[in-house]
Amino acid sequence: MDYLKEFENKILLVDGMLIETGGKFGEFGLQDYINSCLEIANKYFESTNDKNVLLKIVNSLINEYNNDILWKYYDYEMSFLNALKLHIRQL
């Protein structure tokens, strides 16, 4: 399995889950979701010993959302992405 693609796809699903739940996912499901994303990141890191690509994916999305601060769930999205970034740096 392509861990990078799985990692990126999982991150991109957050928007839909926030929209579908009216933001409730950000209040109650985000931490578990972060953990499941980190499981994929750990698998990738264990097989490649490289976290730079993971950080590039997260950073590119952070940069994308920085330009969209009026998005209704911006705070949840940025909290999610910054938490991922912090944990990946600690791998």
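The values are calculated or read from the model by the stated rules, or taken from the named source; none is laboratory data. Just so it is clear, the model here is predicted, and its values are computed rather than measured. Note that we place each Cβ from the backbone using ideal geometry, even for glycine, and neighbour counts take in every protein chain shown. Just the protein is used for accessible areas: all its heavy atoms, side chains included, with ligands, DNA and RNA removed. Shrake-Rupley method; radii C 1.70, N 1.55, O 1.52, S 1.80 Å.
Per residue, the solvent-accessible area of the stretch 42-91 (1.4 Å probe, heavy atoms of protein chains only, all protein chains present) comes to 64 Å².
Only protein atoms count toward the accessible area here, which uses a 1.4 Å probe; on the chain, the carbon and sulfur part of that area reaches 50 percent.
Magnitude of the charge dipole for the stretch 24-73, about its Cα centre and with charges confined to Cβ atoms of Lys, Arg (+1) and Asp, Glu (-1), is about 60 debye. Taken about its Cα centre, the chain carries a charge dipole of about 220 debye when Lys and Arg each add +1 at the Cβ and Asp and Glu each add -1 at the Cβ.
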